[in-house]
1. How much length is gained if the chain between residue 93 and residue 66 is pulled fully straight, taking 0.36 nm per residue apart and subtracting their Cα-Cα distance, in nm to one decimal?
2. I need the semi-axes of the equivalent ellipsoid of the range 27-113: take the C-alpha gyration tensor, multiply each eigenvalue by 5, square-root it, list largest first in whole angstrom.
3. Per-residue counts of other Cβ atoms within 10 Å, averaged by peptide: what ranking do you get for 49-62, 89-102, highest first?
4. For the range 6-111, calculate the relative contact order in percent as a whole number, restricting contacts to Cα pairs under 8 Å that are 6 or more residues apart.
5. What is the spin-label model distance, in nm, from residue 43 to residue 57 if the labels are put 7 Å beyond Cα along the C-beta direction?
6. Based on the Cβ-Cβ distance of residue 25 and residue 100, what FRET efficiency does E = 1/(1 + (r/R0)^6) give at R0 = 25 Å, to the nearest 0.05?
7. Please work out the C-alpha center-to-center distance from the range 25-45 to the range 64-94 and express it in whole Å.
8. How high is the relative contact order of the range 12-56, given as a whole-number percent (alpha carbon pairs under 8 Å, six or more residues apart)?
């Protein structure tokens, strides 16, 4: 297995954020717990990357997330509002947070949600 991208933060082995930059897309991969103080690191990473997105497609890979809190949901809502990001999930709990973050956003009317 090959690892691509740059590890932005490993905080006490609880949250790992990896950024994979390609010419037309950027993937933000989160692994571990995205709740409590770890949301601040996610927020810092997001705000450091946002100015460089331009017209790149943003994918937020949440398949490695084990726990998420409401603060993280609000941050997902912000990311979605700004970028229309694609969120990848593989658990019902994380999918719930993603759906709640995207709910009532005008972009969803275009998607037929």
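We did not get these values from a lab; they are worked out from the coordinates using the rules stated. A quick note: this is a predicted structure, and the numbers were derived from the prediction, not measured. In this analysis, Cβ positions are derived from the backbone assuming ideal geometry, glycine residues included, and neighbour counts consider all displayed protein chains.
1. Residue separation times 0.36 nm, minus the Cα-Cα distance, leaves 8.8 nm.
2. With the √(5λ) rule applied to the range 27-113, the semi-axes are 18, 17, 11 Å.
3. Taking the mean over residues of other Cβ atoms within 10 Å, the ranking is 89-102, 49-62.
4. The normalised contact order for the range 6-111 reaches 23 percent.
5. My value for the distance between the label points is 3.0 nm.
6. On the way: r = 25 Å, r/R0 = 1.00.
In this case the efficiency is close to 0.50.
7. Each part reduced to its Cα centre gives a spacing of 9 Å.
8. 36 percent
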